[in-house]
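J.: The following block contains the structure, expressed as structure tokens.
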Amino acid sequence: MKRTFYIYSLIILPIIYFSLFPFWLNLSISMNKKDIVIKEKGLNTGLSLRIALIGDIHMPDAEDDYDRLAALLDDINQEKPDIIIFAGDYTDSPKKIANMADHRSRIVELLTKDNPSKTIFVLGNYESWSNPEAWTEEFKLRNSILLENQVHKFQVKDQFICIRGFGDYYTGKYAYVEFPDSCYNQVKFSVTHDPAGAFDERVKGLVLAAHTHCGQVRLPFYGALWIPTSAPEEATCGLYKDNQRTVFTTSGAGTSLFPVRIGTQSNWDLLEVQFKNMSSLEI
């Protein structure tokens with residue numbers, strides 16, 4: 001009997017271990033590097049930017065999770081990005097949070113304590129579901145740059161660039177805003193939570209997004225089980241380009257519904273973006 005038990009243990013335990021290992025690996029937040037080239041007609045000058053993109057943190061309200069967020073922010077700062085973009089969904093499900101007001105305050109305090117002048121925020125669907133006005137007020141109390149259907153002019157490397165932040169399309173917060181005329185010859189790009197907002201027919205250029213978790217669970221030969229967006233499937237994970245726009249959708253740092261990832265990696269992205277003037281021969 002004991003011999004049979006040991007034999008089964010030797011067979012079953014390795015299977016369990018190697019089955020769980022990918023879950024652990026995928027949930028460990030890693031840095032993903034990506035080079036992107038944007039060519040635009042009429043730019044005054046070219047510019048290379050290191051952009052840190054962080055989406056879908058989905059923070060629970062446990063002390064260990066606050067510590068992990070602080071460690072993640074330290075990792076991001078060590079890479080010395082020119083701009084830091086937080087693309088929404090900062091909290092776990094509101095139903096799981098004991099005191100949302102305290103949780104909200106602690107998250108925003110952590111996110112805004114370093115580099116406030118070069119950090120941009122937009123809100124996601126989980127903020128829409130947990131009092132978006134309170135999230136907006138919390139960011140305002142710390143003089144943070146929160147863009148909700150607004151354009152912000154931003155100085156980096158002795159140049160002014162324009163960043164447009166759209167409200168979350170998934171929860172009906174999206175409203176189109178045009179770049180002002182003063183941004184015409186400047187480097188510019190957009191940020192939104194749900195990549196569906198990038199497919200407004202008026203949106204052009206680079207758009208950074210989150211929300212999808214790249215499907216969170218992607219099976220071989222099948223793909224994602226479910227992705228909550230109306231964006232084209234090709235634009236729900238990583239880099240997408242068409243004749244009008246370039247969309248980069250991050251896989252996200254956290255998870256929603258279940259703390260599980262299969263075939264997708266928890267990460268934040270360090271984007272090396274080169275903005276170049278489009279020559280007349282390329283038009």
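The values are calculated or read from the model by the stated rules, or taken from the named source; none is laboratory data. Nothing here was measured: the structure is a model prediction, and the numbers come from that model. Using ideal geometry, Cβ is built from the backbone for each residue, glycine included, and neighbour counts are taken over all protein chains shown.
J.: For the stretch 164-208, what are the residues that are of a type outside the set (Lys, Arg), more than 17 Å from residue 88 (Cα to Cα) and part of a loop (DSSP other than H, G, I, E, B)?
T.: 176, 177, 178, 179, 180, 184, 185, 186, 187, 200, 201, 203
J.: So which of 235, 231 is out of contact with any Cys (no Cβ under 6 Å at 6 or more places or on another chain), over 21 Å from residue 81 (Cα atoms), without any contact (Cβ under 8 Å) to a residue 40 or more places away in the chain and crowded, with 20+ Cβ neighbours inside 10 Å?
T.: Exactly one of 235, 231 is out of contact with any Cys (no Cβ under 6 Å at 6 or more places or on another chain), over 21 Å from residue 81 (Cα atoms), without any contact (Cβ under 8 Å) to a residue 40 or more places away in the chain and crowded, with 20+ Cβ neighbours inside 10 Å, namely 231.
J.: Do you know which residues across the stretch 227-246 are of a type outside the set (S, T, N, Q) and farther than 21 Å from residue 128 by Cα?
T.: Answer for the stretch 227-246, where residues must be of a type outside the set (S, T, N, Q) and farther than 21 Å from residue 128 by Cα: 232, 233, 234, 235, 237, 238, 239, 240, 241, 242, 245.
J.: May I pose another question? Go through (1) crowded, with 17+ Cβ neighbours inside 10 Å; (2) over 22 Å from residue 39 (Cβ atoms); (3) at pLDDT 95 or above and name the single condition residue 172 misses.
T.: (1)
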